[in-house]
Amino acid sequence: MYTTAANVAERQTAPPSLAISTVIFALRPSEASGRPTLWLPLVRRIREPFKGLWALPGGPLTHADSLQDAASRNLRETTGLTPSYLEQLYAFGGLHRSPTQRVVSIVYWALVQPTEAALADESENVRWFRADKLGDLAFDHNAIVDYALWRLRNKLAYGSIAYHFLGGYFTLAQVREVYEAVLDTRLDPANFRRQIKGTPEIEETGEYLQGGKHRPPRLYRFTGRPGLDPDNRSTP
């Protein structure tokens, strides 16, 4: 009993541990319909706490790494991904996030194109999951993913975030597929096309997507500066 009480007292006075976690969103085809849907990679925990449950890629913050470098290194080591855009999302520091010690996680998020996502390492302990079919994750990672989804959908409504999912050239139908996947809803093609074509940063390229059975669609490009979130604040 004395040892248990001493351990509890020691944990309460010890400084919090710092960790890095990352939410990586990519579009992948639905297994049922073939339409693009939102996916993210998870890592199976091989030790306690929460041994056997899936979690976001991440790990402890060391003295040698900056926050950005730590996020990049953890992603590279667990999934093999090196996203071209990686940004700090929020800090999560609830008192009971971990049953063994106080842990504050600096969470990053990344958006990757399908060609990048296809290069991700997959194994028994690293797999891609649909963002709307995750099940119970370790720690508070379900809440972190929910928050990242909320921020993504919020930014999609008025920002240029959708173009991180696309290559340099894209069709208007491909842009609509991004919106439909992120918002999890179907959009009227004619109305969406009219709205997107009215965006000043969308420019016709004079080229067409080849390889289809029908008339090739026109290719466009985004001429603005894609950005995720200019105000990186921590969560209350």
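Please report the relative contact order for the stretch 2-156, taking Cα pairs under 8 Å with a sequence separation of at least 6, and give it as a percent rounded to a whole number.
RCO, the stretch 2-156: 30 percent.
Treating only the Cβ of Lys, Arg, Asp and Glu as charged (+1, +1, -1, -1), what charge dipole size does the stretch 2-156 show about its Cα centre? Round to the nearest 20 debye.
Dipole about the Cα centre, nearest 20: 260 debye.
Which of TRP54, ALA70, THR37 sits closest to the plus end of the dipole of the chain, meaning its Cα is farthest towards the positive end, when Lys and Arg get +1 and Asp and Glu get -1 on the C-beta?
Farthest towards the positive pole: THR37.
At 222 nm, what helix-only mean residue ellipticity would the chain give, in deg cm²/dmol to the nearest 500, using -39500 (n - 2.57) for each DSSP H run of four or more?
-8500 deg cm²/dmol
Where the centre of each part is set by its Cα atoms, how far does the stretch 53-84 sit from the stretch 25-51, in angstrom?
17 Å
What residue among GLN113, TYR169, SER98 has its Cα farthest toward the positive end of the dipole of the chain, where the charges are +1 on Lys, Arg and -1 on Asp, Glu, each on the Cβ?
So the residue we want is TYR169.
Can you return the lysines within cross-link range of LYS155? Criterion is Cα-Cα under 30 Å, with same-chain partners fewer than 8 residues away left out.
LYS133, LYS197
Fewest first, what order do VAL107, VAL126 take by the number of other Cβ atoms within 10 Å?
Going from least to most buried by this count: VAL126, VAL107.
Read-outs throughout are calculated quantities, based only on the coordinates presented, and are distinct from any laboratory measurement. All figures in this text were calculated on a predicted structure; none of them were measured in a lab. For neighbour counting, all protein chains shown are included, and Cβ atoms are generated from backbone atoms with ideal geometry for every residue, glycine included.
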